[in-house]
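Chemist: Have a look at this one before I ask anything.
Rule-based calculations on the coordinates, nothing more; no lab input. Everything numeric here is computed off the predicted structure, so don't read it as measured data. Counting neighbours? That spans all protein chains shown, and the Cβs are built from the backbone with ideal geometry, glycine included.
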Amino acid sequence: IPQPSDWSSNIVRGKGYSMHMGVGKEVWESVQMRLAEQQSHHLAIPDQVGEMEGVYGKSYLQKARLGQGAFRVLTLQNYSEKCCITGESTVPVLQAAHIQAVHKDGNHQLQNGLLMRADMHILFDRGLIGVDADYNIRVSPQIREHYLNGKVYYEHDGQPLRSLPKDKGLRPDRDLLDLRMKEFFVA
């Protein structure tokens, strides 16, 4: 399906079309035509995509974490858009990690944050990667023991953080890092 004529190559997010009118309708009709062609080749494609029984679970309510978006933006700026562990600067994979979790009385202050690549953040949240009070990275031996892998992570073990805020007053709180290492890191 050709790119719509009004689609700009520099759009990152947020552009959308209505499938009931204009360019959006044309694109949707092209999609439906292709689906119909595929059905003629005996592929099991339902008539109405998205409303099939069993595709969606029950709806549920979730509380919004107020301030999370601002915390991410400010943490990105504070770390000059670089992962504190790897130095990665691809913004879509960078996440603001809380040292002390918000649900455990943590806050959105910059001294309670680290900027991490998504996989590092997941391991940090599970206690498999830590940062000590001297800003050195610790990698749990549990990664190797449980997953029989981890080379990409162990190369960071014992290394200093690769990215820290320039303003020393906005660097991670050493007491929070120490507390997290003692209470949460899986040694």
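Chemist: Run the simple label-point estimate for residue 157 and residue 28 please: 7 Å along Cα→C-beta, distance reported in nm.
Modeler: Between residue 157 and residue 28, the label points sit 5.4 nm apart.
Chemist: What does the extension gain come out to for residue 58 and residue 80, with contour length at 0.36 nm per residue minus their alpha carbon separation?
Modeler: Working: separation 22, 0.36 × 22 = 7.92 nm, distance 4.05 nm.
So the extension gain works out to 3.9 nm.
Chemist: Right, next: Sort the following peptides by mean Cβ neighbour count (other Cβ atoms within 10 Å, averaged over residues), highest first: 78-86, 154-162. Intermediate results must be reported in sequence, preceding the final value.
Modeler: Numbers: 78-86: 21.3, 154-162: 14.6.
Going by the mean number of other Cβ atoms within 10 Å, highest first, we get 78-86, 154-162.
Chemist: Could you size up the charge dipole of the chain around its Cα centre, putting +1 on the beta carbon of Lys and Arg and -1 on that of Asp and Glu, and report it in debye to the nearest 20?
Modeler: 500
Chemist: On a full-extension model of 0.36 nm per residue, what is the gain between residue 66 and residue 147, subtracting their alpha-carbon distance, rounded to one decimal in nm? Can you show the working numbers first?
Modeler: Values: separation 81, 0.36 × 81 = 29.16 nm, distance 3.52 nm.
Taking residue 66 through residue 147 to full extension adds about 25.6 nm, to one decimal.
Chemist: Separate question: What are the principal axis extents of the Cα atoms in the stretch 126-169, in Å, biggest first?
Modeler: For the stretch 126-169, the Cα spread along each principal axis is 39, 17, 14 Å.
Chemist: Give the calculated FRET efficiency between residue 167 and residue 89 to the nearest 0.05, with a Förster radius of 22 Å applied to their Cβ-Cβ distance.
Modeler: Rounded to the nearest 0.05, the efficiency is 0.70.
Chemist: Along the charge dipole of the chain, pointing to its positive end and built from +1/-1 on Cβ of Lys, Arg, Asp and Glu, which listed residue (75, 133, 57) has its Cα farthest out?
Modeler: 133
Chemist: Follow-up. For Rg/Rh (Cα atoms, Kirkwood Rh), the listed values are [x] 1.13; [y] 0.95; [z] 1.17; which was obtained by calculation from the structure presented?
Modeler: [x]
Chemist: Hey, with R₀ at 45 Å, roughly what FRET efficiency would residue 107 and residue 17 work out to, going by the Cβ-Cβ distance, to 0.05?
Modeler: Once the sixth-power term is evaluated, E becomes 0.65.
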